[in-house]
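Structure, as structure tokens:
The values are calculated or read from the model by the stated rules, or taken from the named source; none is laboratory data. These figures come from a predicted structure and were not determined experimentally. Cβ: placed from backbone, ideal geometry, glycine included. Neighbour counts: every protein chain shown. Side chains are part of the model used for accessible areas, which takes the heavy atoms of the whole protein and leaves out ligands, DNA and RNA. Shrake-Rupley method; radii C 1.70, N 1.55, O 1.52, S 1.80 Å.
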Amino acid sequence: MVEVPIPKDITKFKPTLIGPFTTRQVVCGCIAATVDYLIFKIISISNISITLDTLIGIEVLFAAPILAFSIIFPYDMPLEKFLKNVFLLSFIAPKTRVYEINNFFTPEQIQEQRTNKKKKKFSNSKLKKHPDYVLYE
């Protein structure tokens with residue numbers, strides 16, 4: 001009998017498209033291969049004499065960031081979302097938040113309320129005087 005492992009946490013499950021590769025990995029791989037092919041054609045048309053090792057190194061420099069978007073998931077986020085958040089928080093968003101709180105109490109009034117709460121002791125006699133409470137004795 002064939003046994004298939006079932007993950008306990010289904011949110012971590014990623015369906016595969018071709019073999020062990022997800023759709024995201026297949027698409028990023030195709031884009032990286034296309035970019036590498038275009039770089040190879042541009043260099044071969046321009047008659048630049050470079051060795052094959054140098055050509056492969058140049059192609060890897062362009063393909064590696066594209067493939068990184070399919071593999072790296074920091075904090076369970078896609079890399080583009082993570083980079084967008086980091087870029088917004090570090091460069092575009094202001095360092096200090098500029099907003100005002102409309103505080104209706106002065107610090108002295110707040111301190112006075114705190115001391116009054118400590119002094120007050122709710123007793124049963126106040127409840128008897130209140131018209132909404134009816135105490136049965």
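Kindly establish whether residue 31 is out of contact with any His (no Cβ under 8 Å at 6 or more places or on another chain), of a type outside the set (Asp, Glu) and more than 30 Å from residue 11 (Cβ to Cβ). So residue 31 does not fit the description; no. If the condition is being open to solvent by less than 100 Å² (accessible area, probe 1.4 Å) and not polar (S, T, N, Q), then the range 30-47 contributes 30, 31, 32, 33, 35, 36, 38, 39, 40, 41, 43. Given the condition touching a helix residue (DSSP H, G or I) at 6+ places or on another chain (Cβ under 8 Å) and not hydroxyl-bearing (Ser, Thr, Tyr), answer yes or no: does some residue in the range 80-97 qualify? Yes, that holds for at least one residue. Exactly one residue out of 67, 61, 52 is out of contact with any Gly (no Cβ under 6 Å at 6 or more places or on another chain), closer than 26 Å to residue 82 by Cβ and either aromatic (Phe, Trp, Tyr) or exposed (fewer than 15 other Cβ atoms within 10 Å of the Cβ) (or both): that is 61. Residues that are open to solvent by 80 Å² or more (accessible area, probe 1.4 Å) and modelled with pLDDT of 85 or more within the range 3-29 comprise 3, 15, 16, 17, 18, 20, 21, listed in sequence order. Applying a threshold of 7 Å to beta carbon distances and a minimum spacing of six or more residues, or different chains, the list of pairs starting in the range 82-107 at a residue that is under 30 Å from residue 72 (Cβ atoms) and ending at one that is part of a helix (DSSP H, G or I) reads 82/74; 82/75.
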